[in-house]
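The values are calculated or read from the model by the stated rules, or taken from the named source; none is laboratory data. Keep in mind that this is a model prediction, so the values were computed, not measured. FYI the Cβ positions are ideal-geometry reconstructions off the backbone, even for glycines, and counts take in every protein chain you see.
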Amino acid sequence: MSVLSRPYFYDEQAAFDLVESMIWPNGPVCPHCGCCENIKVIKPNPEKRVRFGLKKCGQCKGQFTVRMGAIFEESKLPLTKWLQAIFLMTASKKGVSAHQLHRTLEITYKSAWFLAHRIREAMRSGDLAPFGSGGGMVEADETFIGRRAGVPVRQGIGHKMKVLSLLDRATGAKRSMVLDNMKPETIQSIVLANVSREAHLMTDEAGHYCRIGKQFAAHSEVNHGKSEYVPKADPTIHTNTIEGSFSIFKRGMRGVYQHCGEKHLHRYLAEFDFRYSNRAALGVDDTQRALAAVKGVVGKRLTYRQPD
Ligand SMILES: [Zn+2]
């Protein structure tokens, strides 16, 4: 037996049972009216197409399945394939390309592309709680990747896409944002919106952090320009955790995804943040990580339809 021989990867009813138990831990909820009482299971009519997980609401008489209102809703793919894709994407540290999903799941490339973007949406954290609450340490740093459309390649970072990431040392969670520019006020407003004022901020010596750092209970810097990474006097002062996460992100983006336009970058960031925030070093195994993504599927339908 292996992970891949679990029933929910090939038996549609088992897949429904799993997803229902994750999305409705306290029993089914009608997506039409929000009612959770007198919900009846509709027995499949063998004369007709079997609709797995079909239920009828005793209140509004509407019919529904667990796919409604979740990222699964607009797709015709069986839930077993969704779960296979979620497992592959959450278990692979650097991600899985749409071409790989297309070949492994034996679905069209177009379906694979949609599936992957919807799963990224499920991985997007809705958690807006500030990092570093209670005085914890938070690392902040920027990284640069790929190139912005229509911007000529020159020396420096002007043509690259810009990312700001924050990492809460206490929980291990990471949160990343695409930056429109590197203006100090842009970076400051994001850091202030996402980090508690009682936090101890850890950054490199970049000029903008001098001013931003003053707004927090404590601010420590390492001077990368002078090859200082961990000061001997206090080995807790560093930004090595967040830089380690950047290296996974860059290897994945370069090796697996290759081309990513700026308008989709935030989705890839959500994917890498999700895996990093649920990483093995924090005690989360592959199955727990996949199930955490399944829980994230509710209320996150994508509105666009065309791959580009
Ligand atoms: Zn209802």
> Quick one: His99 ticks every box in (1) out of contact with any helix residue (DSSP H, G or I) (no Cβ under 7 Å at 6 or more places or on another chain); (2) part of a helix (DSSP H, G or I) bar one, so which box is it?
Replying inline: (1)
> Within region 18-29, can you find the residues that are within 14 Å of the ligand (Cβ to nearest atom) and either over 21 Å from Val297 (Cβ atoms) or in contact (Cβ under 8 Å) with a residue 60 or more places away in the chain (or both)?
Replying inline: none
> Is at least one residue of region 51-70 assigned to a loop (DSSP other than H, G, I, E, B), under 19 Å from Asp273 (Cα atoms) and away from the ligand (no atom under 16 Å from the Cβ)?
Replying inline: no
> In the set Ala112, Ala122, which member is within 17 Å of Tyr257 (Cα to Cα) and either aliphatic (A, V, I, L, M) or without any contact (Cβ under 8 Å) to a residue 40 or more places away in the chain (or both)?
Replying inline: Ala112
>> Can you tell me which residue is nearest to Glu121 (Cα to Cα) among those in region 71-82 that are in contact (Cβ under 8 Å) with a residue 12 or more places away in the chain and in a loop (DSSP other than H, G, I, E, B)?
In response: Ile71
> Which one is modelled with the highest pLDDT among residues in region 102-125 that are under 30 Å from His159 (Cα atoms) and part of a loop (DSSP other than H, G, I, E, B)?
Replying inline: Arg124
> Pairs under 9 Å by beta carbon, first residue on the phi > 0 side of the Ramachandran plot in region 30-49, partner within 11 Å of the ligand (Cβ to nearest atom) and assigned to a loop (DSSP other than H, G, I, E, B), six or more apart or different chains?
Replying inline: Gly34/Gln59; Asn38/Cys57; Asn38/Gly58; Asn38/Gln59
>> Would you confirm whether or not region 75-88 contains a residue that is within 14 Å of the ligand (Cβ to nearest atom) and either over 19 Å from the mean Cα position of the chain (by Cα) or over 22 Å from Pro7 (Cβ atoms) (or both)?
In response: no
> In this structure, is Phe246 farther than 26 Å from Thr80 by Cβ, assigned to a loop (DSSP other than H, G, I, E, B) and modelled with pLDDT of 95 or more?
Replying inline: no
> Applying the selection to region 241-290, what residues are exposed (fewer than 12 other Cβ atoms within 10 Å of the Cβ) and in contact with a strand residue (DSSP E or B) (Cβ under 8 Å, 6 or more places away or on another chain)?
Replying inline: none
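Condition check ((1) touching a residue at least 24 places away in the same chain (Cβ under 8 Å); (2) more than 15 Å from Gly132 (Cα to Cα); (3) assigned to a helix (DSSP H, G or I)) across all residues:
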site	(1), (2), (3)
Val178	yes, yes, no
Asn181	no, yes, no
Ser189	no, yes, yes
Leu192	no, no, yes
Thr203	yes, no, no
His208	yes, yes, yes
Arg211	yes, yes, yes
His219	no, no, no
> Of all the residues that make up region 18-29, how many are assigned to a helix (DSSP H, G or I) and either in contact with a strand residue (DSSP E or B) (Cβ under 7 Å, 6 or more places away or on another chain) or exposed (fewer than 15 other Cβ atoms within 10 Å of the Cβ) (or both)?
Replying inline: 2
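Quick grid of which residues meet (1) farther than 23 Å from Thr104 by Cβ; (2) more than 16 Å from the ligand (Cβ to nearest atom); (3) in contact with a strand residue (DSSP E or B) (Cβ under 6 Å, 6 or more places away or on another chain); (4) of a type outside the set (Val, Ile, Thr):
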{"residue": "Asp11", "(1), (2), (3), (4)": "no, yes, no, yes"}
{"residue": "Phe16", "(1), (2), (3), (4)": "no, yes, no, yes"}
{"residue": "Pro31", "(1), (2), (3), (4)": "yes, no, yes, yes"}
{"residue": "Asn38", "(1), (2), (3), (4)": "yes, no, no, yes"}
{"residue": "Lys48", "(1), (2), (3), (4)": "yes, yes, no, yes"}
